[in-house]
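The values are calculated or read from the model by the stated rules, or taken from the named source; none is laboratory data. Every value quoted in this text rests on a predicted model; they were computed, and no experiment measured them. Here the Cβ positions follow ideal geometry from the backbone for every residue, glycine too, while neighbour counts run over all protein chains shown.
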Amino acid sequence: MSDLLYTPLHDLHVERGAKMVPFAGYAMPVHYKLGVMKEHQHTRAKAGLFDVSHMGQVKVTGDGAAAALEQLIPVDIIGLAENRQRYGFFTNDHGGIMDDLMLANRGDHIFVVVNAACKDTDIAHMKAYLEPDVTVTPVPDRALLALQGPAAETVLSTLNAAAADMAFMDVATLDLNGAECWVSRSGYTGEDGYEISVLNDQAVGLAQALLAHDDVEPIGLGARDSLRLEGGLCLYGHDIDTGTTPIQAALTWAIQKVRRAGGDRAGGFPGADAIFSEMAEGVSRKRVGFLPDGRAPMREGVAIFADAESDVQIGNITSGGFGPTVGGPVAMGYLATAHASPGTTVYGELRGKRLPLNVTKMPFTPANFKR
Amino acid sequence: MKFTEEHEWLRPEDDVIVVGITEHATTQLGDIVFVELPEVGTTVAKDDEAVVIESVKAASDIMAPIDGEIVAVNEALADNPGLANEDATGDGWFFKIKPSDPSQMDDYMDEAAYNDMIA
């Protein structure tokens, strides 16, 4: 793995017994000694610490940074209050999703966190369209940690009591273990928790301070994936990509009214016509959850049919696996809209056999956010 | 007991061979969440796909290590696939096969040779 990038926590992962794998150009821990199943369960029961330093952190500064970003992102950014964060995505000219992201109003700048695999493209995209009116500055000198789970508040409060005062999607600058951290009360596990941006050379110290707490275990990408899947959350490049629109992806909620047709700042982002047309006329397919009958996991790529015999494919699974908290297989994917109502039974083809899948609402496990 | 390069173990028991996968294999696979076993009475040839196991990470195929007839499968794995992790060489066995050519067993490693291979 010599050509892979290392995060500042690499040596700590190895010390803690992580199995390291290549992911988006980085050597990342897929699991530690507990294994995926126990790491997943530990996060839902107590608190898990995730290294997400491979993700891209970017500052957008200058007068009108929010307005500038609204040219690329169909989200209400101008209306995002100071010290608040929201979910969004870059769209392309066809309304497809170039990447999904988090946006925070940190007063003198908008802080953007994007996916590792897309970060170079995203940064180039922002620079090409937004500079020189605003300045797009990557922040490679900061690591990103996620502390997730019901004990996250108690744990982080031992380092700074103000952590407990934050509500879901609040952001704040907090001193943690002597480091100036950019903290948001958010995450991608369906649990309460925090994401913490910390200078690279202070990241190991902070991670060790958090891991010193009895309730905290280090958690790898394996459990991060099963946690977000149970949470009904999209994985870019799998559940959403340039060929899926936010409407097909059931992410319409992320486009606030002010940016929709008839809103004060309607459109003005790439693919607005395609997206508005889908909002008005409906979509031919949409993202739904599936609970397979039985115990066999149905993973990405499984073809879906309306019945046990039909030759006409009506959809496919984009993410699937075993849900440790659900105690059985869970999946998400796209289905022709006519078949996509919750309660419908469709069939996934697994190793040549058609097995029933029950269309269901997501999340599979109730979200546990501190609203 | 004999071992294959694919991390299966074969244990003679009366006139049948009990087959499972090694603890080394289950550790590599991670938590096993689903095991699809062959039907009793199926005749298999060496290297036929016999079992599908799914761990939290991925699906893997287990091949029949010898020719023969499947005479029993471990039904307990249907409800508790984690048995393969907990007791790989005991309660986590997969199937029993009646060999049509018992000399095929001679091709496989003994425990010392297997341990050398995974060391």
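Details
- The range A:278-308, residues that are over 26 Å from the mean Cα position of the chain (by Cα) and within 14 Å of chain B (Cβ to nearest Cβ): A:ASP293, A:GLY294, A:ARG295
- Residue match in the range A:126-142 (condition: crowded, with 18+ Cβ neighbours inside 10 Å, closer than 19 Å to A:LYS370 by Cα and not aromatic (Phe, Trp, Tyr)): no
- Strands (runs of 3 or more DSSP E) wholly inside chain B that include at least 1 residues being away from chain A (no Cβ under 14 Å) and charged (D, E, K, R): B:8-13, B:68-73, B:95-99
- The condition of being hydrophobic (A, V, I, L, M, F, W, C) and farther than 29 Å from A:LEU174 by Cβ holds for only one of A:ALA250, A:ALA203, that being A:ALA250.
- Residue match in the range A:141-160 (condition: closer than 16 Å to A:GLN57 by Cβ, of a type in the set (A, V, I, L, M) and over 22 Å from the mean Cα position of the chain (by Cα)): no
- Close contacts from the range A:309-332, counting a first residue that is within 14 Å of chain B (Cβ to nearest Cβ) and within 16 Å of A:GLY222 (Cα to Cα) and a second that is charged (D, E, K, R) and assigned to a strand (DSSP E or B), with Cβ to Cβ under 9 Å and a gap of 6+ residues or different chains, come to A:GLY321/B:GLU54; A:PHE322/B:GLU54; A:PRO329/B:GLU54.
- Filter result for A:LYS370 (modelled with pLDDT of 95 or more, surrounded by fewer than 19 Cβ atoms within 10 Å (Cβ to Cβ) and within 24 Å of the chain's Cα centre (by Cα)): no
- Among all residues of the range A:65-87, there is at least one that is of a type outside the set (Phe, Trp, Tyr), assigned to a strand (DSSP E or B) and buried (at least 18 other Cβ atoms within 10 Å of the Cβ).
- Any hit, the range A:2-21, residues being under 22 Å from A:THR137 (Cα atoms) and in contact (Cβ under 8 Å) with a residue 60 or more places away in the chain: yes
- Failed item in (1) away from chain B (no Cβ under 14 Å); (2) at negative phi; (3) surrounded by fewer than 19 Cβ atoms within 10 Å (Cβ to Cβ), with A:GLY267 passing the rest: (2)
- Strands (runs of 3 or more DSSP E) fully within the range A:313-358 counting 3 or more residues that are of a type in the set (Gly, Ala, Ser) and crowded, with 20+ Cβ neighbours inside 10 Å: A:313-323
- Contacts under 7 angstrom Cβ, first residue in the range A:111-132 being not assigned by TED's automatic domain parsing to the domain that holds A:CYS181, partner in a helix (DSSP H, G or I), 6 or more apart: A:VAL114/A:ASP122; A:LEU130/A:ALA68
- Of the residues making up the range B:16-42, those that are loosely packed, with under 14 Cβ neighbours inside 10 Å and modelled with pLDDT of 95 or more are B:GLU39, B:VAL40, B:GLY41.
- Count - residues of the range A:42-66 that are of a type in the set (Val, Ile, Thr) and within 14 Å of the chain's Cα centre (by Cα): 1
- Restricting attention to the range B:12-28, the residues that are free of Cβ contacts under 8 Å to residues at least 24 places away in the same chain and under 21 Å from B:GLU69 (Cβ atoms) add up to 1.
- Any hit, the range A:288-302, residues being modelled with pLDDT of 95 or more, crowded, with 21+ Cβ neighbours inside 10 Å and farther than 24 Å from A:ALA223 by Cα: no
Listed here are the residues, each with its yes/no results for (1) part of a loop (DSSP other than H, G, I, E, B); (2) over 16 Å from the mean Cα position of the chain (by Cα); (3) surrounded by fewer than 18 Cβ atoms within 10 Å (Cβ to Cβ); (4) not hydrophobic (A, V, I, L, M, F, W, C).
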residue: A:ASP175; (1), (2), (3), (4): no, yes, yes, yes
residue: A:VAL198; (1), (2), (3), (4): no, yes, no, no
residue: A:ASP201; (1), (2), (3), (4): no, yes, yes, yes
residue: A:GLY205; (1), (2), (3), (4): no, yes, yes, yes
residue: A:LEU229; (1), (2), (3), (4): no, no, no, no
residue: A:ALA250; (1), (2), (3), (4): yes, no, no, no
residue: A:ASP273; (1), (2), (3), (4): no, yes, yes, yes
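- Filtering the range A:57-64 for residues that are among the acidic types (Asp, Glu) and either modelled with pLDDT under 95 or touching a Pro at 6+ places or on another chain (Cβ under 7 Å) (or both) leaves a non-empty set.
- Inclusion of A:GLU180 among residues that are touching a Phe, Trp or Tyr at 6+ places or on another chain (Cβ under 9 Å), in a strand (DSSP E or B) and either free of Cβ contacts under 8 Å to residues at least 12 places away in the same chain or not β-branched (Val, Ile, Thr) (or both) is not warranted.
- For A:MET298, the criteria (1) out of contact with any Leu (no Cβ under 8 Å at 6 or more places or on another chain); (2) aliphatic (A, V, I, L, M); (3) in a loop (DSSP other than H, G, I, E, B) hold in every case but one, which is (1).
This table checks each residue for (1) of a type in the set (Ser, Thr, Tyr); (2) crowded, with 24+ Cβ neighbours inside 10 Å; (3) more than 14 Å from chain B (Cβ to nearest Cβ).
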{"site": "A:ARG16", "(1), (2), (3)": "no, no, yes"}
{"site": "A:PRO22", "(1), (2), (3)": "no, no, yes"}
{"site": "A:PRO29", "(1), (2), (3)": "no, yes, no"}
{"site": "A:GLU39", "(1), (2), (3)": "no, yes, no"}
{"site": "A:HIS42", "(1), (2), (3)": "no, no, no"}
{"site": "A:GLY48", "(1), (2), (3)": "no, yes, yes"}
{"site": "A:ASP51", "(1), (2), (3)": "no, yes, yes"}
{"site": "A:GLN57", "(1), (2), (3)": "no, no, yes"}
